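What follows is a short report on a single structure.
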């Protein structure tokens, strides 16, 4: 059973994470499905805008750690990197509607979206350092750009959960919308974009992103290299073991 649902209607391509029993934790297969769905939306002339969302109470808990450790990303063609490349280079506008947990890539992917609507229940977190890893999705570049260095340092180095209000103040979220209205609000925004002249929309997005696009590619490559190296480190092994054993990790020996 696929845990990624897709639908194209009224020139809007919806990509929904649908694995509620695991809090929409993302597997390699789900990354591949999202990468394929995004590529299909980009190639479809009937699609004007893409909308990502999860369930009303959960966007995504981030990577499925068991699946991730069994099938770690081994190179640039890994499903997660295909998805991130597609997200960062998409010509068409991308909207995200976020409720509940948005952990790891559930937060960093938002830095590539054009509009992010979050409900008051949304809880963001980028716990890479606490897992013995480094940030991904060019977040080490993009987050300081939108939030300022000190805010980015707090969110990336400490890796603690933060609220929709804090995400809004950091420039990650466009608008905070009541839970009951979130999807309808995001769909209305998508419909508004879909009604605009498509070439003008795509060119304007390109003009805003072109100047730093090569730097994003470079940042993703550098992060990916260090991420894969850290994944094999003793620090990451201790962090992951402690996670599965439900205990506090001990980094005093490093």
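The values are calculated or read from the model by the stated rules, or taken from the named source; none is laboratory data. Note that the structure is a prediction, hence the values are computed from the model and not measured. Note that we place each Cβ from the backbone using ideal geometry, even for glycine, and neighbour counts take in every protein chain shown.
In summary, residue 186 fulfils each of the numbered conditions (1) under 30 Å from residue 252 (Cβ atoms); (2) assigned to a helix (DSSP H, G or I) with the single exception of condition (1). Would you check which residues across the range 1-24 are in contact with a helix residue (DSSP H, G or I) (Cβ under 7 Å, 6 or more places away or on another chain), at pLDDT 95 or above and surrounded by fewer than 16 Cβ atoms within 10 Å (Cβ to Cβ) and list them? Residue satisfying the conditions is 10 alone. Restricting attention to the range 170-180, the residues that are assigned to a helix (DSSP H, G or I) and in contact with a helix residue (DSSP H, G or I) (Cβ under 8 Å, 6 or more places away or on another chain) add up to 0.
Within the range 25-37, the set of residues being surrounded by fewer than 23 Cβ atoms within 10 Å (Cβ to Cβ) and part of a loop (DSSP other than H, G, I, E, B) comprises 27 only. Test residue 13 against the criterion of being closer than 30 Å to residue 210 by Cβ and part of a strand (DSSP E or B), and give yes or no. Taking the combined requirement at face value, the residue satisfies it. The set of residues in the range 114-157 that are under 19 Å from residue 227 (Cβ atoms), more than 14 Å from the chain's Cα centre (by Cα), surrounded by fewer than 19 Cβ atoms within 10 Å (Cβ to Cβ) and in contact (Cβ under 8 Å) with a residue 12 or more places away in the chain comprises 129, 130, 157. Against the numbered list (1) at pLDDT 95 or above; (2) under 26 Å from residue 160 (Cβ atoms); (3) in contact with a strand residue (DSSP E or B) (Cβ under 9 Å, 6 or more places away or on another chain); (4) in a helix (DSSP H, G or I), residue 40 comes up short only at (2).
For the range 158-165, the criterion of being assigned to a strand (DSSP E or B), under 30 Å from residue 232 (Cα atoms) and under 18 Å from the mean Cα position of the chain (by Cα) is met by at least one residue.
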